1. Filtering segment 44-67 down to residues that are out of contact with any strand residue (DSSP E or B) (no Cβ under 6 Å at 6 or more places or on another chain) and not charged (D, E, K, R), which residue is modelled with the lowest pLDDT?
2. Select from segment 1-34 the residues that are hydroxyl-bearing (Ser, Thr, Tyr) and in a loop (DSSP other than H, G, I, E, B) and list them in ascending order.
3. Using the structure shown, decide if Asp41 is modelled with pLDDT under 95 and either open to solvent by less than 10 Å² (accessible area, probe 1.4 Å) or outside any strand (DSSP E or B) (or both).
4. Of the residues in segment 68-105, how many are out of contact with any strand residue (DSSP E or B) (no Cβ under 7 Å at 6 or more places or on another chain), open to solvent by less than 30 Å² (accessible area, probe 1.4 Å) and not basic (Lys, Arg)?
5. Open to solvent by 30 Å² or more (accessible area, probe 1.4 Å) and within 19 Å of Asp92 (Cβ to Cβ): does that describe Thr118?
6. In segment 40-96, which residues are small (Gly, Ala, Ser) and within 29 Å of Asp165 (Cβ to Cβ)?
Amino acid sequence: NVLGQANFTSSSSATTQNGLYTPMGLAYDSTRGYLFVADSDNYRVMVFDVATIVDGEAAVNVLGQDNTYVQVNPETTQSRLRSPMGLFYDSDGNRLFVVDGNGSNGSNNRVMVFDITTIVDGGAAINVLGQTNFTSNSSATTQSGLYNPVGVDYNAATGMVYIADSGNNRV
């Protein structure tokens, strides 16, 4: 099957409920059958119900943008994204970690954490890593700062979050 296109011979970018524009990362919730897709140049994370999948199916939810699926504004707020890239789904805590890194419209230099117990279109993140608040996006070479993060992983046993911080050449 294919998501983001109607079939395997199409390849156009789209800002719709069933289209994608530069997908960069994936995470999977096996309990609900949800596939999270970082739709980087649409500044959003699309949520697809792939328990029963069909070609070109529409997303069931969107994070990082309003629920219109056609409005795309790169921003630095608690509910908006600028360049989602890497994703990690924490099944124990029911959280989605979203790297909001460096893209065509700048960088937010952060990792957003969403509680997805109940997914709400355009819902607000519950935490931010790499910034002191949800409206800051400065790059930093400090113990708590980030500079162009690209990937994230989480170890539920230890509670440790691992972030590939490419601009600082570190994890």
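The values are calculated or read from the model by the stated rules, or taken from the named source; none is laboratory data. Bear in mind the structure is a predicted one, so any value in this text is a computation, not a measurement. Neighbour counts are summed over all protein chains in view; Cβ atoms, including those assigned to glycine, are modelled from backbone coordinates with ideal geometry. In case anyone asks, the SASA skips ligands and DNA or RNA and just uses the protein heavy atoms, side chains included. Shrake-Rupley method; radii C 1.70, N 1.55, O 1.52, S 1.80 Å.
1. Asn67
2. Thr9, Ser10, Ser11, Ser12, Ser13, Thr15, Thr16, Tyr21, Thr22, Ser30, Thr31
3. yes
4. 1
5. Yes; evaluated as a whole, the condition is true for this residue.
6. Just the residues of segment 40-96 that are small (Gly, Ala, Ser), to begin with: 40, 51, 56, 58-59, 64, 79, 83, 86, 91, 93.
Once the filter is applied, which keeps residues that are small (Gly, Ala, Ser) and within 29 Å of Asp165 (Cβ to Cβ), segment 40-96 yields Ser40, Gly64, Ser79, Ser83, Gly86, Ser91, Gly93.
Listed here are the residues, each with its yes/no results for (1) within 12 Å of the chain's Cα centre (by Cα); (2) closer than 16 Å to Gly123 by Cα.
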position: Ala6; (1), (2): no, no
position: Ser10; (1), (2): no, no
position: Gly25; (1), (2): yes, no
position: Tyr34; (1), (2): no, no
position: Tyr43; (1), (2): yes, yes
position: Val50; (1), (2): no, no
position: Leu63; (1), (2): yes, yes
position: Asn73; (1), (2): no, yes
position: Ser79; (1), (2): yes, yes
